[in-house]
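Worksheet: the structure to be examined is printed underneath.
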Amino acid sequence: MNQINTRYHSTQIGEVILGSFHGKLCLLDFVKGKTRGTVEDRIRRLLDAELVEQDDDILRETRRQLDEYLEGQRKGFDIPVLMLGTDFQKDVWNAVTKVPYGATSTYSQIARDIGKERAVRAVGNAMAANPISIIVPCHRIIGSGGKLVGYGGGLSLKRKLLTLEQRNASALRALNTDARYVGYSRPLGKEDTE
């Protein structure tokens, strides 16, 4: 059987679980998240793998970049990722990665972005199944009326992440010229999906 390396990581917003498979991040979820069990079960099934607590380079680098993000020193991530889901879910997650740091979009806009404007509820369901929180920034997606709705880590955490990004967006643009910190989370490529 295959192995997904995992590590728990305490952050200023709570504990997360990270998982990697063959040199790519496949899991970043909140330990107390609403959909954690469902997401982990799907990843195990799709990879025919078990979760094993073991550190590796990808998990160490993810922890470093996540901490930088939460400290307001990083806007994007350059971690190789493995997105595990349906083609529709991957389309949604890819569209979500295009929402800039410090900005928000809506479920209906994401549905339009992927050419499925009537699939707003399905977009919400795909976001609930997102296995890589923060890096695939579903917290940036809000209701059409500007209301904070639906987030696996809870609405309080969604608000904290949005506040962090909005507060730091202009400061990071002005202070940092290092390319690692001025780019947005990159859209997922074919090599990131299976």
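The values are calculated or read from the model by the stated rules, or taken from the named source; none is laboratory data. These numbers come from a predicted model, not from an experiment. Quick reminder, even Gly has a Cβ in these numbers, built from the backbone with ideal geometry, and neighbours come from all protein chains shown.
Observations, loosely collected:
- Pairing residues of the range 37-48 that are free of Cβ contacts under 8 Å to residues at least 60 places away in the same chain with residues that are surrounded by 14 or more Cβ atoms within 10 Å (Cβ to Cβ) and acidic (Asp, Glu), at Cβ distances under 8 Å and at least 6 apart in sequence or on separate chains, gives 40/29.
- Contacts under 6 angstrom Cβ, first residue in the range 90-113 being under 15 Å from residue 139 (Cβ atoms), partner among the small types (Gly, Ala, Ser), 6 or more apart: 92/126; 97/185; 99/105; 101/169; 102/169; 106/144; 107/124; 110/95
- Some residue of the range 48-60 being modelled with pLDDT of 95 or more, surrounded by 15 or more Cβ atoms within 10 Å (Cβ to Cβ) and closer than 20 Å to residue 157 by Cα: no
- Number of positions in the range 66-119 that are hydroxyl-bearing (Ser, Thr, Tyr), closer than 26 Å to residue 11 by Cβ and not in a loop (DSSP other than H, G, I, E, B): 3
- Residue check, residue 172 over 24 Å from residue 21 (Cα atoms), surrounded by 17 or more Cβ atoms within 10 Å (Cβ to Cβ) and modelled with pLDDT of 85 or more: no
- In the range 115-133, residue nearest to residue 63 (Cα to Cα) [restricted to those that are among the small types (Gly, Ala, Ser) and touching a residue at least 60 places away in the same chain (Cβ under 8 Å)]: 133
- Scanning the range 104-146 for residues that are closer than 20 Å to residue 65 by Cα and among the aliphatic types (A, V, I, L, M) yields 132, 134, 135, 136.
- Index of the failed condition, residue 17 passing every other in (1) out of contact with any His (no Cβ under 9 Å at 6 or more places or on another chain); (2) without any contact (Cβ under 8 Å) to a residue 40 or more places away in the chain: (1)
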